[in-house]
Amino acid sequence: MSSPVSTPPADGSPPPDPDAVASRSRPALSPSRAMDFKQCPLKYRYRAIDRIPEAPTRIAVRGTVVHAVLEDLYGLPAAERQPERAQTLVLPAWARVSGERPEVTELITDAELDGFLGEVRTLVEAYYRLEDPTRFEPESREARVEVELDGGVLLRGFVDRIDVAPTGQLRVVDYKTGRAPGPTQETRALFQLKFYALVVLRTRGIVPAQLRLIYLADEQILTYAPDEEELLRFERTLSALWQAIMEAGRTGEFQPSRSWLCAYCDYQHLCPEFGGTPPPYPGWPDGGIGESPDETLADAVAE
């Protein structure tokens, strides 16, 4: 029987690539941080510069566990990816997530654990009504992607899954454990996939044939076929966004932007829009900004 694949590497693994280590300390833009700045520059500052911790939420932890199960599922031989086998991956995935982030055990107590794991199992069951994981072999799962654009902005993130057809056509897949967005929210939902499609274009020289968002809560799939001209416009948008971030970093002017999303923000007590006082601006970090690979992955899977 195969074991889960996302365990830490054994001792004796080759040392990290010095160039890769250096790139991780450079300023970088991930989909999550880009959306933060677009939503509210002050929220971006608190997350990316001040690095003020946020309490984990049950929904985010559940999403992380489901992602871990699906990652491990595709680490098995295709014939073993049966629904019953997937259910056996739930408990090890929870053990790994809670071991890496012990604070989640305070959020989900022993008395609540069975119910929580039941929610995870329900979402995993729903996945099988949307795709048959025994019928194809993904090229990658939870792959770290990174590319530098003209002008020096470094894009970084993790892609849930990349599929490559025998014809060479490429599909970028992202799992969502919530419900599919309404028509007015589809643009926001596709932002992350366009980000990854641009990375694919710049690293492989091809435009993905399809971007796919798989929503498990209401069992819907949102698909989109980008074109190169669109991705080049998106590239210019990201470059302009990064210039705005750099200017705010230079001046320390990260203005709050009030919206309905404020109701879900952990930083209300530090926000002038709600009578709070921001802490003194610590300045643009000398070692670069953005987020570590672990933070990038955590954001990608919890969304």
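The values are calculated or read from the model by the stated rules, or taken from the named source; none is laboratory data. Small disclaimer: the values here were computed from a predicted structure and weren't measured. Neighbour counts run over all protein chains shown; Cβ positions are idealised from the backbone, glycine included. SASA here: full protein model, heavy atoms, side chains in, ligands and nucleic acids out. Shrake-Rupley method; radii C 1.70, N 1.55, O 1.52, S 1.80 Å.
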Quiz item: Before we move on, is R26 modelled with pLDDT under 95, surrounded by fewer than 16 Cβ atoms within 10 Å (Cβ to Cβ), within 26 Å of H269 (Cβ to Cβ) and among the basic types (K, R)?
Solution: no
Quiz prompt | Any chance G182 is more than 19 Å from the chain's Cα centre (by Cα), of a type outside the set (S, T, N, Q) and under 30 Å from A244 (Cβ atoms) | solution = yes
Exercise. Mind listing whichever residues of region 47-61 are crowded, with 21+ Cβ neighbours inside 10 Å and over 19 Å from M35 (Cα atoms)?
Key: V61
Exercise. Could you please tell me which pairs satisfy a Cβ distance under 9 Å, a separation of 6+ or placement on different chains, a first residue in region 206-229 that is under 16 Å from G63 (Cβ atoms), and a second residue that is polar (S, T, N, Q) and in a loop (DSSP other than H, G, I, E, B)?
Key: Y215/T177; L216/T177; A217/T177
Exercise. Test S3 against the criterion of being at pLDDT below 95, closer than 30 Å to E80 by Cα and either touching a Pro at 6+ places or on another chain (Cβ under 6 Å) or not hydrophobic (A, V, I, L, M, F, W, C) (or both), and give yes or no.
Key: yes
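To keep it simple, each residue is scored yes or no on (1) under 30 Å from P282 (Cα atoms); (2) charged (D, E, K, R).
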{"site": "Q169", "(1), (2)": "no, no"}
{"site": "G178", "(1), (2)": "no, no"}
{"site": "T203", "(1), (2)": "no, no"}
{"site": "A209", "(1), (2)": "no, no"}
{"site": "Y215", "(1), (2)": "no, no"}
{"site": "R233", "(1), (2)": "no, yes"}
{"site": "R236", "(1), (2)": "yes, yes"}
{"site": "A244", "(1), (2)": "yes, no"}
{"site": "T251", "(1), (2)": "yes, no"}
Practice problem: Would you check if V65 is free of Cβ contacts under 8 Å to residues at least 60 places away in the same chain and open to solvent by less than 30 Å² (accessible area, probe 1.4 Å)? | Solution: yes
Quiz item: Out of the residues in region 143-165 that are basic (K, R) and in contact with a Gly (Cβ under 9 Å, 6 or more places away or on another chain), which is surrounded by the most Cβ atoms within 10 Å (Cβ to Cβ)?
Solution: R156
Exercise. At least 2 residues that are at pLDDT 95 or above in each: list the helices (runs of 4 or more DSSP H) lying fully within region 72-159 that qualify.
Key: 83-88, 90-100, 110-128
Quiz item: Tally time: how many residues in region 99-133 are over 21 Å from Y215 (Cα atoms) and buried (at least 16 other Cβ atoms within 10 Å of the Cβ)?
Solution: 3
